[in-house]
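The values are calculated or read from the model by the stated rules, or taken from the named source; none is laboratory data. The structure displayed is predicted, hence computed values, not measured ones. Cβ sites come from the backbone with ideal geometry, for glycine too, and all protein chains shown count toward neighbours. Protein only, heavy atoms only, side chains kept; ligands, DNA and RNA dropped before computing areas. Shrake-Rupley method; radii C 1.70, N 1.55, O 1.52, S 1.80 Å.
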Amino acid sequence: MSRWGLVIDLDRCTGCQACVVACKHENNLPFSTPETADVGRLMTWIQLVAADLPGRPMPSSLPLMCQQCDRPPCTDVCPTSATYLNPEGIVAQIYPRCIGCRYCTNACPYAVKIFNWTEPEWPESMAGMRNPDVSARPKGVVEKCTFCHHRLIAARERARVAGRELAPEDYVPACVQICPAEAMTFGDLSDPHSDVAALASGPRAFRWMEELGTQPKVVYLREGE
Amino acid sequence: MSDAPSRRDFLVYSGAAIAGVTLGETGRRWLGRMDERAAGWRDRGIETFAVSVCRECLAGCGIRVRLVDGVPVKIDGNPLCPIARGRLCAKGQAALESYFDPDRLLGPAHRIARGGPARWEPLPWKDAVALAADKITRAAGTPDGIVVVAADERGPEAEAWTRVWRAAGARLAWTPQPTAVRLRPRLRHLTGAEADPIFDIEHSSYVLSFGAPLADDWLSGVWAQRSFGRFRRGVASSRGRLVQIDGRRSATARKADEWLAVAPDQQSALAYGIASVLFRENRVDRERLASVAGNLGNFEHQLLTYYTPDNVASETGVPVVTILRMARELVATPRPLVIVEAGASVALVDAVLSLNVLIGAIDRRGGLFGRGDDPLPERDDAAAVLRDVAEGRLRPSVLVFADSSALRALGGPNRPETLAERVPFVISFSPYVDEAAAIADVILPADVPLERWHAMVPAAALGAEVIPVAAPAVKRRLDTRDTGSLLHALAVAIGGPVEAACSWTSSEDLVRAEVKRLATAKRGTPFVTTYETEWMQQLESGGWWAQAADSDAAFSDRVLASGGWVDPYFDAGQLTEALRGGRSLSFPLPEALPSAQIAGRATGADAAAEPPDTRFPIALVAFQPAVAATSGNANLPALFELLGQPDGVPWSLWVEIGSELAERLGVQARTRVRLTSAHASLDVMAVRVEGMPAGVAALSIVPGAQTAGRWSRLIGKDPRRLWGNDPAARACAVQIARI
């Protein structure tokens, strides 16, 4: 069984936010306005946050998304099992089950679970640009990064039709695919020969807020020598 | 019991038979309908991919558009494009929003009445072209005639544009390419080589950057980002070190190993100070330099006389020990390189290029190369020409805009509406409701990039010669035209020499002619994988060439299918060759400190040189965030969300101020302040930055106009008005107060 993980090399990352736009378009995240942004309701599954990291002279830019924890605090508090850890290590979100209690948004120490305060809306002319592989989430539910799980389903189907096993390059989330600085590496952490497993166990690897014991599968590589 | 069927049996069996026949027919029909629906499903949700070219800036990255049932839903980089290599920046992806922009112009239109709020009326294409042609014909005889403004794109469409307008007697002005402003002319001045500078960041071990936004959008955004990533961690065993000299804490300064906050007008002093230390400590190869430079002695004398570490330290505020350390670090690593912002002052660019000569970075892996080209024609700078128009020094009868790039430039006219007041007739080709459309009398909207044919010469960044080429990726959504057809229609309506200059009928003609030229060039290849590109480079270096297709037609098809053409051969010794003529290198001779004498006018020296005005004690420096620097559509909501991150000020302008000033004003997170200059005032969000020089603040410039699209209107402020009548100056003096 695969155990999907993401490594972000902060030494390579320039903070350009190409990943933010890739995620927005891929996952049909509606646009905000100055008013919604002002009250902290930007709909972004990845956001750039300023982080004080050891050894750095000034705050670093950290691309932060759902950390896909192996011990996710959000799933423990969900009263309807709308969010759960699936067998491949992805913290999944079943929107029809979500009752919008927001226990999970409070429990998540990374503040990356987002509540839909309004119905997602696009101007009429933009309705066509939505990705048909991803359903829009209604008002009143919580959403978050899924490692572009729909891409995994599609890749697995393509591999099945072709009569072969899923290859590592078959499944890549949109943010990883676009990153101009080649700072993101995605793959199967349980495969000891994968790039992602090698990087995640390297000397520069660390997990954000790892002292909380959430055991994230998003691993950062620190900047500097 | 009798075996004969009873009446009851007859009714049951006959009823069952009728029901069977009837229901069977119904069932068959139902199944038939389901089959039809299933067949429809099979034809829905079909995923295809098309190549195209990003035109949000001049980098010309190849893109790959994902279409579902022919509708574009996502844009990624074209994996075969040598510039993008499958990656893309935020702006490039947002081109999808341009295609679907709800505020795009529906078709040609003309302004109902001048003055007051802009109101337009739709016009049939024929009438719109006839109106524009009539005004152009009448303007041809007037003193300042026609002024035509466009971004400096190169390629067959740009050549067609030039040909038509030259034939019409127009004066052409351009928003220049990044290297064309300073880097290329100053490299020619230094070495005599007619070449674009190519900085090999990826293979350098130490980069000393004077304001170059390497991690933002330098020269060619995606190339710069990839180069940065590989410079940092391209080889597992080594990591490139970056030192950023910057007036503000830019994204590059944030990424640097060391950031030295030095105001732009003082940076050339620091560069020459480092050069001076190299001479003092005998860290330069004098013999080698003397063999190529005629004025080495004078150069050294000037540096050692005026740019002593003590003098430079008192001028810049950088401690002597730091200047010494930087000079020593620079030559202690195997492949150092010095880079500079493309629009920096002449003095700073000269200093940086000279430093590269001193450290032996010319034509060296991880250093500075030249990529030859034909001499570029002298071109008028659009921002300067428009300032002349706005201020009445130039009085054209017709003003033509291909796009709004010149109206968004930092040095452009601060009040575009004055152009409409000064010029009797304005024509816009932009497909968006933008700054150009806002002042236009007639709008002839061209196609948006995803709908266009493409063949263009990208901004210089790679050693290889690249021409991205593509057919339209999607169907035209609105009543727009391709630029080639528009020019043809105008030329026919004008007639005479203008019509004679037009040998095409559409952009497709222009692009196909270019592809045909490439097919017969007997060099290069359609876009192929990295491995195949390198193989072709090896072949061409050995004087060989492998034909990519059996016929010119097949070659053309491959070019269009792959997204472009590349000739990977690169003469890595072009600058050395230029210098081999014997002592042809000419070092600039820096003048004495203070900075007012050494820094160029357009760097912010203006503010420093003027006597201080106690009412306006802060020097305000303008900068354009990478995500906002677009020559195309500025009505892109996804990009407005990225503004000011990670400092948490999306959808707004912001000013960066140092901790001392922030302390004095009581600025915390998300505090609003008022900036007041002698010309205007502006309310913006303040961001506190540790280490920012005292007495300096940096203001973001974001395209946002009340007359533009719905999202752009939400930004709604043009901060350039603070600059008043001197928009060419980067810094202006302001007062900052907490609201």
Please compute the average number of Cβ atoms from other chains found within 10 Å of each residue's Cβ in peptide A:33-41. 4
How about residue A:139: which aspartates and glutamates have a C-alpha closer than 15 Å to its C-alpha, ignoring those fewer than 8 places off in the same chain? A:119, A:121
Unit-weight point scatterers at every alpha-carbon of the protein assembly as shown, Debye formula, q = 0.06, 0.09 1/Å: log10 I(q)/I(0) is -0.46, -1.03
Determine the residues within the stretch A:12-26 where the difference in accessible area between the chain on its own and the full set of protein chains amounts to at least 40 Å²; count protein heavy atoms only and use a 1.4 Å probe. A:12, A:14, A:16, A:17, A:21, A:25
Loop-only check: which GluC sites (Glu not before Pro) in the stretch A:70-173 are DSSP coil with at most 13 other Cβ within 10 angstrom? A:121, A:165
Loop-located trypsin sites (Lys or Arg not before Pro) in the stretch B:456-494, at most 11 other Cβ atoms within 10 Å (DSSP): B:475
For a quick protection proxy, order the peptides B:78-84, B:278-284 by their average other-Cβ count within 10 Å, most packed first. B:78-84, B:278-284
Simple label model, 7 Å out from Cα along Cβ direction - residue B:287 to residue B:378, nm: 4.3
Averaged over all viewing directions, the convex hull of the alpha carbons in chain B casts a projected area in nm² of 47.4
Would you kindly find the accessible area of residue A:48, with a 1.4 Å probe and non-protein molecules such as ligands, DNA and RNA excluded, rounding to the nearest 10 Å²? 10
For chain B, what relative contact order do you get, as a whole percent, if you take Cα pairs closer than 8 Å and at least 6 residues apart? 17
Cα centroids of the stretch B:426-454 and the stretch A:1-75: how far apart, whole angstrom? 35
Per the stretch B:610-738, sqrt(5λ) over the Cα gyration tensor eigenvalues, sorted largest first, in Å, gives 24, 18, 12
Using a 10 Å cut-off around each Cβ of peptide B:715-723, what is the average number of partner chain Cβ atoms that fall inside? 0
Tell me, what is the per residue accessible area of the protein assembly as shown in Å², probe radius 1.4 Å? 40
Per DSSP H run of at least 4 residues, take -39500 (n - 2.57); add these up for chain B, divide by its residues and hand me the 222 nm value, nearest 500 deg cm²/dmol. -10500 deg cm²/dmol
Long-range amide H partners of residue A:49 with built H, under 5 Å: A:62, A:64
If N is the number of residues in the stretch B:669-739, what value comes out of its Cα radius of gyration divided by 2.2 N^0.38 Å? 1.17
Determine the total buried accessible area between chain B and chain A, counting protein heavy atoms only with a 1.4 Å probe; round to the nearest 100 Å². 4500
Out of the GluC sites (Glu not before Pro) in the stretch B:318-386, which ones are loop residues according to DSSP with at most 14 other C-beta atoms within 10 Å? B:378
Size of the dipole of chain A about the Cα centre, Lys and Arg at +1 and Asp and Glu at -1 on the beta carbon, nothing else charged, in debye to 20? 480
Projected label distance in nm at residue B:671 and residue A:118, using a 7 Å step from Cα toward the beta-carbon: 3.1
Peptide A:43-51 - average C-beta neighbours from other chains (10 Å radius): 3
Rounded if a/c is under 1.5, else prolate if a/b beats b/c, else oblate: with a ≥ b ≥ c from the C-alpha gyration tensor eigenvalues square-rooted, which is the stretch B:420-563? prolate
Here the convex hull volume per residue of the stretch B:168-267, taken over Cα atoms and given in Å³, is 144
Could you give the dipole magnitude of chain B about its Cα centre, charging the beta-carbon of Lys and Arg +1 and that of Asp and Glu -1, in debye to the nearest 20? 1120
FRET efficiency estimate (nearest 0.05) - Cβ-Cβ, residue B:331 to residue A:77, R0 51 angstrom: 0.30
Taking the reciprocal of mean 1/r across every pair of different Cα atoms in the stretch B:220-296, the Kirkwood radius in Å is 15.2
By per-residue mean of other Cβ atoms within 10 Å, what is the highest-first order of B:184-190, B:464-470, B:541-547? B:464-470, B:184-190, B:541-547
Taking only Cα atoms of the stretch B:292-446, what ratio of Rg to Rh do you get with Rh as the Kirkwood inverse-distance radius? 1.16
Looking only at lysines whose Cα falls under 22 Å of residue B:74's and that sit 8 or more positions away or on another chain, we get A:24, A:144, B:91, B:475
What distance in nm lies between label points placed 7 Å from Cα along the C-beta direction at residue B:659 and residue B:126? 7.2
Using a 1.4 Å probe, how large is the accessible area of residue B:679, given in Å² and rounded to the nearest 10? 100
Classified through the alpha carbon gyration tensor (a ≥ b ≥ c as square roots of its eigenvalues; rounded if a/c is under 1.5, else prolate when a/b is larger than b/c, else oblate), chain A comes out rounded
At a cut-off of 20 Å², which residues of the stretch B:90-123 become less accessible once all protein chains are present than in their chain alone, using a 1.4 Å probe? B:90, B:93, B:96, B:97, B:100, B:102
